[in-house]
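One structure below.
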Ligand SMILES: Nc1nc2c(ncn2[C@@H]2O[C@H](COP(=O)(O)OP(=O)(O)OP(=O)(O)O)[C@@H](O)[C@H]2O)c(=O)[nH]1
Ligand SMILES: [Mg+2]
């Protein structure tokens, strides 16, 4: 597989934007992805955003596997990581997330009040890797908000303050990855879920690896979806079988790998292959 490297100029700009604004906010909420609860947490934030309390909101739980979410909840509780699993489709978990936000901001707000300052809303910064639903989250919680959202990474280009209510104001920021993926499995996970732009990826390659992973972790999901009973013969892949089963073929009868890859990725990303989480805590990752 081609090595995925992804750190365009606008991400360096976003890094500066986060650094410039951290002094202005009380709490940071990192929006991550419940389908990849390890790979979607930006390791750079430990250093970059260490001055303020940080809470991780694992979004898109509606697309994730509930039994694996339970494992991750236990894991992060054990590690004392402040986090909540949420989804912006139904709003599940969002109230609990705001309870954590208020608790984290309480000491600063109280200190201000004790100095005789007038009451002010908590200022929260939404950060995270691209496409995790930062802007969707803001639109969901703020009635009059209209931040731009989209089904691809890199939609938000600059910062935007949004008032939620008299208690909370949120700063929307563009998605940011880190300069180098140390672990190729992390890069693949980010490609599967759409955090890295499809435009720079070899999609048949990505779909091939996704199917390989799914075949180990969720063996029935793929075969059931595409009506496949047999395993691939030697020299074939599941992608070939799916292309044939779904008629994704070129004129000569060869598989149309681009088309079938797009279909598989799209099916995974919109949970037509089921509710899936691709990582489990400690040791059992990438089974
Ligand atoms: N199923 C599901 N989809 C979601 C959820 N939250 C966001 N989305 C979808 O995810 C896609 C990305 O949402 P955005 O809000 O644009 O993501 P973002 O983090 O602001 O992305 P950038 O600004 O590009 O970094 C959109 O297609 C949303 O509809 C969720 O909880 N569940
Ligand atoms: Mg956005």
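Do the sum for the chain: with -39,500 (n - 2.57) for every DSSP H run of n ≥ 4, divided by all residues, what is the mean residue ellipticity at 222 nm, to the nearest 500 deg cm²/dmol?
Working: 10 runs with 114 residues, N = 287.
The helix contribution divided over the chain gives -12000 deg cm²/dmol.
Could you give me D for segment 5-51, from Stokes-Einstein at 4 °C and 1.567 mPa s, where the hydrodynamic radius is the Kirkwood radius over C-alpha pairs? Units µm² s⁻¹, please.
107
Give the calculated FRET efficiency between residue 245 and residue 115 to the nearest 0.05, with a Förster radius of 51 Å applied to their Cβ-Cβ distance. Numbers along the way, then the final one.
Numbers: r = 68 Å, r/R0 = 1.33.
It comes to 0.15.
Measure nothing but the geometry: give the 0 to 90° angle between the long axis through the Cα atoms of 94-114 and the longest principal axis through the Cα atoms of the chain, rounded to 10°.
30
With a 10 Å cut-off between alpha carbons and a GNM built on the chain, which of 87, 62, 256 moves the most?
Among 87, 62, 256, the largest GNM mean-square fluctuation belongs to 256.
Using Cα pairs under 8 angstrom and six or more residues apart, how large is the relative contact order of the chain, in percent?
Averaging sequence separation for qualifying contacts and normalising by length gives 21 percent for the chain.
Please rank 54, 47, 92, fewest neighbouring Cβ atoms within 10 Å first, as an exposure proxy.
With the sparsest Cβ surroundings first, the list reads 47, 92, 54.
Fewest to most neighbouring Cβ within 10 Å: what's the order for 231, 65?
Neighbour counts put them in this order, fewest first: 231, 65.
By how many nm would the segment from residue 148 to residue 262 grow when fully extended, if each residue of separation counts as 0.36 nm and the alpha-carbon distance is taken off?
38.6 nm
With the cut-off at 33 Å, report for the chain the share of all Cα pairs above it, as a whole percent. Kindly include the intermediate steps, with their values, before the conclusion.
On the way: 10925 of 41041 pairs.
Summing the P(r) of the chain above 33 Å gives 27 percent of all pairs.
For residue 13 and residue 199, what does the FRET efficiency come to when R0 = 22 Å and r is the distance between their Cβ atoms, rounded to the nearest 0.05?
Numbers: r = 19 Å, r/R0 = 0.87.
Efficiency for this residue pair is about 0.70.
Take every DSSP beta bridge with both residues inside the chain and express the antiparallel ones as a percent of the total, to the nearest 5.
The antiparallel fraction comes to roughly 20 percent.
In 10 Å bins starting at 0, how do the alpha-carbon pair distances of segment 60-217 split up by percent?
Calculated over all Cα pairs of segment 60-217, the distribution is 9, 30, 35, 19, 6, 1, 0 percent.
Assuming 0.890 mPa s and 25 °C, estimate D for segment 98-182 with Stokes-Einstein, Rh taken as the Kirkwood radius over Cα pairs, in µm²/s.
172
Put one equal scatterer on each alpha carbon of segment 202-269, apply the Debye formula with no solvent term, and list log10 I(q)/I(0) at q = 0.13, 0.21 1/Å to two decimals.
Values returned for q = 0.13, 0.21 Å⁻¹ are -0.30, -0.83.
Relative to the present Cα-Cα distance, how much length would full extension add between residue 75 and residue 92 at 0.36 nm per residue of separation?
Taking residue 75 through residue 92 to full extension adds about 4.1 nm, to one decimal.
For residue 163 paired with residue 67, estimate the spin-label separation in nm (one decimal), with each label point 7 Å from Cα along the Cα-to-Cβ line.
If labels sit at residue 163 and residue 67, their model points lie 4.8 nm apart.
Mind pulling the per residue volume of the convex hull built on the Cα atoms of segment 246-285? Å³ is fine.
So the per-residue Cα hull volume is 89 Å³.
Would you please classify the overall shape of segment 1-143 from the alpha carbon gyration tensor, given that a ≥ b ≥ c denote the square roots of the eigenvalues, rounded means a/c under 1.5, and beyond that prolate means a/b larger than b/c while oblate covers the rest?
oblate
Give me 161, 72 sorted ascending by neighbouring Cβ count inside 10 Å, so fewest comes first.
Final ranking by Cβ density, sparse to dense: 161, 72.
Please report Rg over Rh for segment 52-108, where both radii come from the alpha carbon positions and Rh follows the Kirkwood definition.
Working: Rg = 11.9 Å, Rh = 12.0 Å.
Expressed as Rg/Rh, it is 0.99.
Just how far, in whole angstrom, is segment 141-180 from segment 29-90 if you go by their alpha carbon centroids?
Spelled out, the Cα-based centre of one part sits 17 Å from the other.
Give the angle, between 0 and 90 degrees and rounded to the nearest 10, that separates the Cα long axis of helix 184-193 from the longest principal axis of the Cα atoms of the chain.
Result, in degrees: 90.
Just so you know, all these numbers are worked out from the coordinates, no wet-lab data involved. Since the structure is predicted, the reported quantities are computational estimates derived from the model, not experimental observations. Cβ: placed from backbone, ideal geometry, glycine included. Neighbour counts: every protein chain shown.
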